[in-house]
Amino acid sequence: MIRPSLDSGPVALAAYVARLFCDSHRLAYAHLAPDLKIVHASPNFAPLLTTAAAAPMEGQALTDLLEEFVGAEEALAAVLSGKEAVYRLDRINRQLPDGSTVYLSFQVIPFNDLYPEAGLLLIAEETTTETQLEQRLVQDRNELRLLQVELAQANEQLQHLNRLKSFFVSMAAHDMRLPLTAIKGYSEMLLDFLPNEHLDKQRHFTAIIHSQAHRLGQLLNGLLDVEQIEQGKLVLKLSEVNLGTAVQEAMNGLNVMALNRNLSLLVELPEQEVQIQADAERVEQILYNLISNGLKYTRDEGYVRVSLHCQNGQAVIDVADNGLGMTSEQMDKLFEPYYRTDEARKSRATGAGIGLFIAKTLAEAHHGSIAVESKRGQGSTFTVRLPLRQPLP
Ligand code: ADP
């Protein structure tokens, strides 16, 4: 096709555009007389309609060719008179002999705005791809809505189960604490009563009962803490806390563990006292969890070093060890409740995977944080930051 130059005039240009139209497989047109009979149609008009109507198109009534226009005569008259700018029919479907469906859209506009007697221009467009995409979008949206409803229901069910679980765990942990206290108390008494020269085995077994009952007590307390945290019922009892003393207190309970494993438990405290507003018991719990982890996950004869200093309005406590260390993937999950690394599970170190979750939640409840740096096989450093002054509530 020869492309017209700009000075070849509007008629040549219009003819060129009309040819472009006709060459397109998606667009066709028909010129309609005011009585809605076809005056002229582009050669691709009949094929686009997928109609078996006999040629020529000229002289045929629009409503005979396209029954969807039956009843639209008034609206078309409004377009003809200039009352309406356009009349549209969308998503008209036609079944092809091979069973597939094509979709068509029609637009009717005045052929010439100034002369109604010039009739109308009908532009037909094949919109199968767009319509199918639209339909798929609507279908996907409906499926998504259905999934959202299902998700909300599953969520509600999970919350209900979670409440039941919390209720059961709290009840069981409370009920178990009483007999446990008796076991601990009586085994302690037995250790006091048994004369030193008494059978070694009896003292040894009683000591095991006592230490295991103590461990079980700690585990129950941990489970109760997790429940309290998850239900948002954690309450802090704030007072002036000397952090150096809290570090020492936490370490006192762990010296025996370090001695038994031949681990060095080192401490570096500043000369000046570091005082913060905090819940003393909970701060000790944070430190105890981190230091005991350092001892648990470090090979015999390694070290755990605890240091305290102040920086940018915060008290900073580092708990560093040269133990198992972790990969970055493991570090990502470290503070999730009940998470334990494979190495920890395989090691002789016992645990339930809740200590770090509790420690992090407690630090955050004090407007502080816990961060970790670690390299597998080379050790880890946990850093606790607590504000020197509590922000105003
Ligand atoms: P627990 O020690 O009872 O398993 P924690 O919540 O205290 O639970 O710790 C979660 C996991 O993080 C541990 O099981 C262990 O895999 C890993 N972990 C914690 N501290 C250390 C550490 N200092 N070195 C190496 N791994 C650690």
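So the values come out like this:
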read-out	value
Footprinting exposure proxy for F382, F357, F111, F193 (fewest neighbouring C-beta atoms within 10 Å first)	F193, F111, F357, F382
Residue exposure sequence - I291, I183 - by fewest surrounding Cβ within 10 Å	I183, I291
Debye equation applied to the C-alpha atoms of the chain, log10 I(q)/I(0) at 0.08 Å⁻¹	-0.62
Positive-end residue, the chain charge dipole about Cα centroid, Cβ charges, pick of F167, Y103, M257	M257
Extension gain, L190 back to A152 (0.36 nm per residue minus Cα-Cα distance, nm)	8.1 nm
Nearest-20 debye value, segment 97-174 charge dipole, Cβ charges on Lys, Arg, Asp, Glu	900
Order of L324, L146, L223 under a 10 Å beta carbon neighbour criterion, fewest first	L146, L223, L324
Unit charges on C-beta of K, R, D, E only; dipole of the chain, Debye	1580
Radius 14 Å from Cβ of Y339, net charge of other residues (Lys, Arg +1; Asp, Glu -1)	-1
Prolate/oblate/rounded call for segment 28-146, Cα gyration tensor, a/c under 1.5 rounded	oblate
Cβ-Cβ FRET estimate between T101 and T327, R0 fixed at 51 Å, reported to 0.05	0.40
Entries in K165/K233; K184/K296; K233/K360 that, when Cα-Cα distance is taken, lie over 18 Å	K184/K296
Global form of segment 342-390, assessed from the alpha-carbon gyration tensor, a/c cut-off 1.5	oblate
Positive dipole terminus of the chain, leading residue within Y29, S307, P387 (C-beta point charges)	S307
Student exercise, segment 149-252 dipole from Lys, Arg, Asp, Glu Cβ charges, in Debye to nearest 20	140
Efficiency of FRET from Cβ geometry, R299 and R145, R₀ 56 Å, rounded to 0.05	0.50
Normalised contact order of the chain, rounded percent, pairs of Cα under 8 Å and 6 or more residues apart	9
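Every number in this text was worked out from the coordinates using simple rules, so none of it is lab data. All values derive from a computational prediction rather than experimental measurement. Cβ sites come from the backbone with ideal geometry, for glycine too, and all protein chains shown count toward neighbours.
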